[in-house]
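Colleague: Let me begin by handing over the structure; questions about it come next.
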Amino acid sequence: MERIKINNLLESPQFGEQVTVKGWVRTKRGSKNVSFIALNDGSTIRTVQVVADAEKFSEDLLRRINTGAALSVTGEVVESKGSGQSSEIVAETIEVLGEADPDKYPIQPKKHSLEFLRENMHLRMRTNTFAAVMRIRHNLAFAIHKFFNDRGFYYLHSPILTASDAEGAGEMFQVTTFDLKNPPKTEEGSIDFSQDFFGQPVNLTVSGQLEGELGAMALGEVYTFGPTFRAENSNTSRHLAEFWMIEPEVAFNTLKENMDLAEDFLKYVIEYAMENCKHDLEFLQNRELDAEKNLPKEQKHEMPLLDRLKFVIENDFERITYTEAINILRNSKPYKKGKFEYDVEWGIDLQSEHERFLVEKKYKKPVIITDYPKDIKAFYMKLNDDEKTVAAMDVLFPGIGEIVGGSEREADLETLQKLMDEKGVPQEEMSWYLDTRRFGTAPHAGFGLGFERLILFVTGMTNIRDVIPFPRAPKQAGF
Ligand code: ATP
Ligand code: MN
């Protein structure tokens, strides 16, 4: 008999029909006469209840059915008498496809800490929490492609191996085929990269933006969506060594339109998740409420997860300039009381404590900060008329901090060259990039969204390592 997925079965149960479901046992309970098996196949967070009459099945078979075992079950769909279940299956045949020894299988039907599950990363997607996060992750990825496709953007595949350092910030993983014990040397004694695989030093990309700009100047509206690598040794709950970034780049857009795009985009994908991941989000909301139950009020979220998502969709993001942000911070209570660890003055890079004050205390909603000092931003951002600030924009989210970083790009060749010189970005190596300004230059703008930071916000999870299947971070690269 053809298998039916549990999600389909629960969404539109055909009472009286014979069906086959396959999945893994979440729990088994019952009495001498009857066993109730909760079966999950990953298609939904919900389980279907399988009723196994002791008369129909041998003791030996029932003994082999434990949490984690894989089963194939055929039986009749009946309306459930139990609460919270619409339908269940009265088993006719049960095949144990694979056993899970309860004395050895680490995932048991009880609360496991996230730390424990990080240690058992290869099995953690078998828990409700991680399966929910991964389903939401998938839906967000799909929504991102849908948003851009519906608006006529093209998905541009920027390279993962690259000889360019997009940010000029370092923090890159070098890729080589050299034997590190014995690399070829030049006459002067330095490593001879002309003999390496690519004939030059090559790294894993830190951003697809510069290649995105090449695409935008031909195709108009493009976006990249790919893995990004940063060898920053920041062991935070917001940084991964390998993360996924979405980078739209739009010809003829200015900073204002760039902000509008980012806001529309974020609202769209969050709304998509709310519509398509209802059960998973409800589960995560309850999980969070439960985890925060015994915390003091100031450590609890002010709103439950779904209300927070709704709030972001329904309210305009606050838009302020960097200079305004500095003034607000200097006039704030925590500043005057000396509560900030880092000093606040015009020219500083905003620290996470400053961003959190603006987003969580002052405005209580997403904030877009624009027009940062040029000295703390990348070379490609458009120089404003004041010649001190650039047309940058960071989108800050409650509980997350920076989720999007972007800008209008400097479209004028001479100004760009001046900015590159100031920041020590070599022009010869970037000649290909400068050609966008040499030939048919035009205003354009774009931004980068860290995919995992978006997932943190949507799921309410608090550690970025818990929203990617296999996190890569300092001293962590298993599987
Ligand atoms: P941060 O100040 O938080 O390190 P950044 O200024 O280095 O961020 P950008 O270079 O502007 O970030 O990258 C664009 C987006 O990519 C950021 O807004 C963020 O969402 C995400 N991002 C940056 N670094 C990481 C990382 N190490 N892990 C996960 N996401 C990241
Ligand atoms: Mn960074």
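Just so it is clear, none of the values below were taken in a lab; they were calculated from the coordinates. None of these values were measured; they are calculated from a predicted model. Every residue, glycine as well, gets a Cβ built from its backbone with ideal geometry; the counts of neighbours run over all protein chains shown.
Colleague: What number does the chain give for Rg over Rh if you use C-alpha atoms and the Kirkwood radius?
Modeller: Looking at the chain, the ratio lands at 1.05.
Colleague: Hey, what do the phi angles of the stretch 392-398 turn into as Karplus ³J(HN,Hα) couplings, whole Hz, using 6.51/-1.76/1.60 and θ = phi - 60°, x for Gly and Pro?
Modeller: With the stated coefficients, the stretch 392-398 comes to 8, 8, 10, 9, 10, 10, x Hz.
Colleague: Something else now. Straight distance only, please: which lysines reach the Cα of Lys336 with their own Cα at less than 16 Å, same-chain residues fewer than 8 apart left out?
Modeller: Lys336 reaches Lys361, Lys362.
Colleague: Ile376 versus Phe439, label points 7 Å from Cα toward the beta carbon: distance in nm?
Modeller: Each label point lies 7 Å from its Cα, and together they span 3.9 nm.
Colleague: Mind putting together the pair-distance distribution for the stretch 275-371? All Cα pairs, 5 Å bins, whole percent per bin, short to long.
Modeller: Per 5 Å bin, starting at 0, the Cα pair percentages come out as 2, 11, 18, 18, 15, 14, 11, 7, 3, 0.
Colleague: Using all alpha carbons of the stretch 93-197, what is the percent of pairwise distances in each 10 Å bin, ordered from the shortest bin to the longest?
Modeller: 10, 19, 19, 21, 22, 8, 1, 0
Colleague: With a cap of 11 neighbouring Cβ atoms within 10 Å, and only residues DSSP puts in a loop, list the trypsin sites (Lys or Arg not before Pro) found in the stretch 10-57.
Modeller: Lys32
Colleague: Ok, one more. Please go through the residue pairs Lys56/Lys81; Lys256/Lys374; Lys333/Lys377 and name each one whose alpha carbons sit more than 24 Å apart in this structure.
Modeller: Pairs exceeding the cut-off: Lys333/Lys377.
Colleague: So what's the net charge close to Gly208: Lys and Arg +1, Asp and Glu -1, counting the other residues with Cβ under 11 Å from its Cβ?
Modeller: Residues near Gly208 contribute -4 overall.
Colleague: Take each uninterrupted DSSP H stretch in the chain, measure its Cα extent along the helix axis, and return the ones at 24 Å or beyond whose mean Kyte-Doolittle hydropathy is at least 0.0.
Modeller: Both cut-offs are met by 128-150.
Colleague: Between Arg330 and Glu429, what is the label-to-label distance in nm when each label sits 7 Å out along the Cα-to-Cβ direction?
Modeller: Distance between label points: 3.8 nm.
Colleague: OK, next. As a quick test, which of the pairs Lys22/Lys110; Lys337/Lys365; Lys28/Lys300 have an alpha carbon distance above 26 angstrom in this structure?
Modeller: Lys28/Lys300, as the Cα separations exceed 26 Å there.
Colleague: Tell me, what does the Kirkwood hydrodynamic radius of the stretch 1-139 come to in angstroms if you use every pair of distinct C-alpha atoms?
Modeller: In the stretch 1-139 this quantity evaluates to 15.6 Å.
Colleague: Follow-up question, since we're still on this one. Shape of the stretch 8-77 from its Cα gyration tensor (a ≥ b ≥ c, root eigenvalues): rounded if a/c is under 1.5, otherwise prolate when a/b > b/c, or oblate?
Modeller: Judged from the Cα gyration tensor, the stretch 8-77 comes out oblate (a/c at least 1.5, b/c at or above a/b).
Colleague: Can you give me the C-alpha center-to-center distance between the stretch 366-391 and the stretch 328-346, rounded to a whole angstrom?
Modeller: So the two Cα centres are separated by 22 Å.
Colleague: Further question: Sorted by packing (mean other beta-carbon atoms within 10 Å per residue), highest first, where do 120-127, 94-101 land?
Modeller: The peptides rank, most packed first, as 120-127, 94-101.
Colleague: Less than 13 Å Cβ to Cβ from Phe148, Lys/Arg counted +1 and Asp/Glu -1: what total charge do the surrounding residues give?
Modeller: Charge balance near Phe148 sits at -3.
Colleague: Which ³J(HN,Hα) values, rounded to whole Hz and listed in residue order, are derived for the stretch 243-254 from phi using the Karplus coefficients 6.51, -1.76 and 1.60 in 6.51 cos²θ - 1.76 cosθ + 1.60 with θ = phi - 60°, glycine and proline given as x?
Modeller: Each residue of the stretch 243-254 in turn: 9, 10, 10, 10, 10, x, 9, 10, 5, 6, 7, 9 Hz.
Colleague: What ratio of Cα Rg to 2.2 N^0.38 Å holds for the stretch 265-313?
Modeller: 1.23
Colleague: OK, next. Going through the stretch 331-401, which GluC sites (Glu not before Pro) have at most 11 other Cβ atoms within 10 Å and a DSSP loop state?
Modeller: Here the sparse-neighbourhood loop sites are Glu341, Glu345, Glu387.
Colleague: Please give every one of the aspartates and glutamates within straight-line cross-link reach of Lys388, meaning a C-alpha to C-alpha distance under 18 Å, and leave out same-chain neighbours fewer than 8 residues apart.
Modeller: Glu324, Glu345, Asp349, Asp371, Asp375, Glu408, Glu410, Asp412, Glu414, Asp421, Glu422
Colleague: If the chain between Ala163 and Lys278 were fully stretched, how many nm would it gain, using 0.36 nm times the residue separation less the Cα-Cα distance?
Modeller: 37.1 nm
Colleague: Determine the gain in length on full extension of the stretch Arg29-Phe311; use 0.36 nm per residue of separation and subtract their C-alpha separation, reporting nm with one decimal.
Modeller: 97.4 nm
Colleague: May I pose another question? Which whole-number percent is the relative contact order of the stretch 189-285 (Cα, under 8 Å, 6+ apart)?
Modeller: It comes to 22 percent, rounded to a whole number.
Colleague: Among 241-249, 262-270, how do they line up by average Cβ neighbours within 10 Å per residue, starting with the highest?
Modeller: The packing order, highest mean first, is 241-249, 262-270.
Colleague: Also, I was wondering about something else. Might you report the magnitude of the Cβ-based charge dipole of the chain about its Cα centre, with Lys and Arg at +1 and Asp and Glu at -1, to the nearest 20 debye?
Modeller: 2120 debye
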